[in-house]
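Enquirer: Can you read through this structure? Questions will come right after.
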Amino acid sequence: MGHDLVIFDNDGVLVDSEPISNMLLAAYLTELGHPTSYEDSLRDYMGSAMHRVHDLVAERTGQRLPADFDDVFHARVFAAFERELKPVVGATDVLEKLTADGVPYCVASSGSHERIRVGHRATGLDRWFDDERIFSSQDVGRGKPAPDLFLYAAERMGVTPERCVVVEDSPLGVRAAVAAGMDVYGYTAMTPAGKLAGATRLFDDMRELAALLPGN
């Protein structure tokens with residue numbers, strides 16, 4: 001099936017932020033008395049909105065995270081982004097090709113608008129994404145694996161779900177795309193292929209993606 005819109009996840013797909021943010025999240029949760037390893041954080045929270053962190057901690061421990069948890073965590077993450085964040089290798093090549101071919105694209109992320117913008121500015125990807133191409137779980141209230149964000153992005157971009165292809169690297173994101181009735185290409189650089197069950201196809205190098213997308 002052909003596609004009229006490419007919807008990118010952000011963290012781990014466009015910007016190489018998952019190692020940074022998950023190391024910081026694991027450290028902060030551990031600091032607060034909820035021992036969490038980097039591997040735990042990837043397993044439980046990769047690709048999710050912040051409410052999932054609060055929900056899982058409360059479910060497992062019966063305790064609530066501090067009221068300023070999100071603010072403190074994001075301050076740490078944004079400072080680290082400014083110091084060390086890089087674009088995913090090959091991401092700019094894909095964006096250049098989509099632009100040259102006139103193929104519509106956007107980003108739909110579980111992260112906040114501020115997180116997306118900070119990451120794009122730090123990596124130079126802001127040149128590719130104006131406000132009309134950026135969608136966040138903040139816009140819909142429910143993050144992945146709910147399909148709401150992807151459906152909202154498609155509606156705003158004027159494309160029906162079945163004509164969309166999502167580029168995702170997390171199990172939660174793949175589940176959300178499938179629930180939205182969209183094709184999904186699973187990026188396996190950080191996630192084992194077996195955990196992206198339901199993906200339309202899999203690839204492990206972002207430089208391969210251009211050949212899979214519309215215009216070819």
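Rule-based calculations on the coordinates, nothing more; no lab input. On a predicted model such as this, the values are computed, not experimentally measured, just so you know. No Cβ is skipped: glycine too gets one built from the backbone with ideal geometry, and neighbour counts run over all protein chains shown.
Enquirer: Going highest first, how would you order 31-42, 99-110 by mean Cβ packing within 10 Å? Kindly include the intermediate steps, with their values, before the conclusion.
Expert: Values: 31-42: 14.8, 99-110: 18.8.
Most protected by this proxy first, the peptides run 99-110, 31-42.
Enquirer: Once amide H atoms are built 1.01 Å from N in the peptide plane, which residues 5 or more positions from V166, or in another chain, come under 5 Å H to H?
Expert: HN-HN under 5 Å from V166: I7, D183, V184, Y185.
Enquirer: Let me ask another. Aspartates and glutamates near K144 by alpha-carbon distance under 14 Å, same-chain residues fewer than 8 away left out - which ones?
Expert: Here the aspartates and glutamates satisfying the reach criterion relative to K144 are D9, D11, D44, D55, E168, D169.
Enquirer: Top mean-square fluctuation among G124, G198, G143, Gaussian network model of the chain, C-alpha springs under 10 Å?
Expert: Of G124, G198, G143, the most mobile in the Gaussian network model is G124.
Enquirer: How much space per residue, in cubic angstrom, does the convex hull of the C-alpha atoms of the chain take up? Could you put the intermediate results ahead of the total?
Expert: Values: hull volume 23.4 nm³, N = 216.
In the chain, the Cα convex hull volume per residue is 108 Å³.
Enquirer: Follow-up. Do any GluC sites (Glu not before Pro) in region 47-144 lie in a loop, going by DSSP, with at most 15 other beta-carbon atoms within 10 Å of their beta carbon, and if so which?
Expert: none
Enquirer: Stick to the Cα atoms of region 18-84, pair each with every other, and give me the Kirkwood hydrodynamic radius in Å at one decimal.
Expert: By the Kirkwood definition, the hydrodynamic radius is 12.0 Å.
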